[in-house]
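The values are calculated or read from the model by the stated rules, or taken from the named source; none is laboratory data. Quantities reported herein were computed from a predicted structural model and do not represent experimental measurements. No Cβ is skipped: glycine too gets one built from the backbone with ideal geometry, and neighbour counts run over all protein chains shown.
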Amino acid sequence: MNDTFARLALTPRFQLLPERFFAKVAPTPLAEPVLAIWNAPLAAQLGLDPDTNAHVGLTDYLTGNLLIPGSEPLASVYCGHQFGVYVQQLGDGRAILIAEVKDRNGIVQEIQLKGAGPTPWSRRADGRAVLRSSIREYLCSEAMYGLGIPTTRALAMTASPEAIWRETRETAAVVARVAPTFVRFGHFEFYCHHGDHEGLRTLVDWTIEHFYPECADAASPALALLEVVIARTATLLAHWQAVGFCHGVMNTDNMSILGLTLDYGPFGFMDGFDAGHICNHSDESGRYAYNQQPQIALWNLQTLAQALLPLLDREAAIAALHTFQDLFETAFAAQFQSKLGLPDWRDEDWGLLTTLFNLLQAGRTDWTNFWRDLASLGLQDAHPCPALRDRFVDREAFDQWLTDYRERVAATGDAVAVIQERARAANPKYILRNHLAEIAIRKAQQGDFSEMQRLHDCLSQPFAEQPEYADYAAAPPDWAASLSVSCSS
């Protein structure tokens, strides 16, 4: 057999930084691990053999029971603001970087094991991840990728009968996750707020060298870095809002310097539309509610800008932050232009959209199914559409909105089929609803990972009809209303 996993590239670029940036730490072995799911398409993209039989010891490598020959795994230190409160030291408490590999597109990707045991920054915790949260992270990161939203990826998940304790006894799992880097805003905060300005400059230079080389020749490379991160974050948030995704814990240590969706904990996709939806049961104040996410992103960017102040001009940083709102609104408009199937966006379209949001809010109308049905049914003829209007409390008001929308579509001069094609390409039929993840979790807790694989296969093509997965597009059952996720999820 060709043991391709053992031939991964070594020496992660993070090791090029001074030793105070990380600690070398070996994963802690888990008892009796099984390979619960393997992302064969991603494996192939990473240059690995997608056939699990081609790898000797694959499960042990992915769990941390075996080290890639010559590997020196590491964990990094950072800090951050959690629910608005500064915490001076956090770090990779249960995530260990084991290798790097150049993918088929020539992009270097890190492979990190989440749940592989304690590190110097575990804060007296066990460094483990529970099965339920690991399933949710694996499925959501791949669902986001299928939706075309910037995200970390998941290569595999292993599971073990080994007991770990949270609120109650649970079992352990390890997710092998992939990204060009897991560096986050909190890394920069750490070196600034600890007075290590040399370390801050080193980290900025390293980040620019490996991920933003276009910033190197700017008059102020640190300012150029801030500006591009602001732009990427604005675009990311527009993506989130368009699909009804709530992160749940947008702390600065969960914000990617690359503008990726990072650290899937108490996330949730909205079922019925509620602008104030709070997906995280631990978020008692609603700090990270759906309608607060763009503003929180800006708040987090302000903390990043503050961390970079030793390297750039304060007024320039403030000016850069002032671009966020326009960048977000432009990206947001682009998302909803596509969702409505329109060839362009006009100022009057904001009124059309606001009226729709108010109608959706009043009836807590299913967000995903409404948009998909609008793309398929809303333009079929000039009459009211029962399949859509019955989703609303004020049906007559929706009839008027639909009339206004159809007039806007007619004014484009595009054929209805063209409008529908655009809209279907922007409105997914399938998302990772909480109850779908819960069903997969319950089966996995009985040792059956087939539902997890089925969900993954469906969510990899969320815009396709896929009649074999029609059950996943149904509105959630009544029991789903009792589900809640928290920071322990």
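When you scan region 342-351, do you find a residue that is basic (K, R) and either in contact with a Phe, Trp or Tyr (Cβ under 8 Å, 6 or more places away or on another chain) or on the phi > 0 side of the Ramachandran plot (or both), even just one? Checked against the condition, which is being basic (K, R) and either in contact with a Phe, Trp or Tyr (Cβ under 8 Å, 6 or more places away or on another chain) or on the phi > 0 side of the Ramachandran plot (or both), region 342-351 yields no hits at all.
Could you tell me which residue of region 429-460 is surrounded by the fewest Cβ atoms within 10 Å (Cβ to Cβ), considering only residues that are closer than 21 Å to G248 by Cα and not aliphatic (A, V, I, L, M)? So the residue we want is E438. You will find that of T330, T355, T303, the residue that is more than 23 Å from A231 (Cβ to Cβ), modelled with pLDDT of 95 or more, outside any loop (DSSP other than H, G, I, E, B) and β-branched (V, I, T) is T355 and no other.
The set of residues from region 31-42 being buried (at least 22 other Cβ atoms within 10 Å of the Cβ), within 20 Å of the chain's Cα centre (by Cα) and of a type in the set (A, V, I, L, M) comprises just one member, I37. The residue that is nearest to S285 (Cα to Cα), among those in region 59-92 that are under 26 Å from the mean Cα position of the chain (by Cα) and aliphatic (A, V, I, L, M), is V85. Checking each residue in region 260-275 for being among the small types (G, A, S) and assigned to a loop (DSSP other than H, G, I, E, B) picks out G265, A275.
Of the residues contained in region 91-102, one or more are found to be touching a residue at least 40 places away in the same chain (Cβ under 8 Å), surrounded by fewer than 17 Cβ atoms within 10 Å (Cβ to Cβ) and either over 30 Å from G248 (Cα atoms) or outside the structural domain of Q453 (by TED's automatic domain parsing) (or both). Among the residues of region 461-477, just one is closer than 20 Å to A154 by Cα and surrounded by 15 or more Cβ atoms within 10 Å (Cβ to Cβ), namely P462. Across region 154-208, the number of residues qualifying as surrounded by fewer than 24 Cβ atoms within 10 Å (Cβ to Cβ), closer than 18 Å to R128 by Cβ and of a type in the set (A, V, I, L, M) comes to 2.
When I230, I208 are checked against the criterion of being more than 21 Å from P73 (Cβ to Cβ), free of Cβ contacts under 8 Å to residues at least 40 places away in the same chain and under 26 Å from the mean Cα position of the chain (by Cα), a single residue qualifies: I208. None of I318, I278 is out of contact with any Leu (no Cβ under 7 Å at 6 or more places or on another chain) and part of a helix (DSSP H, G or I) except I318.
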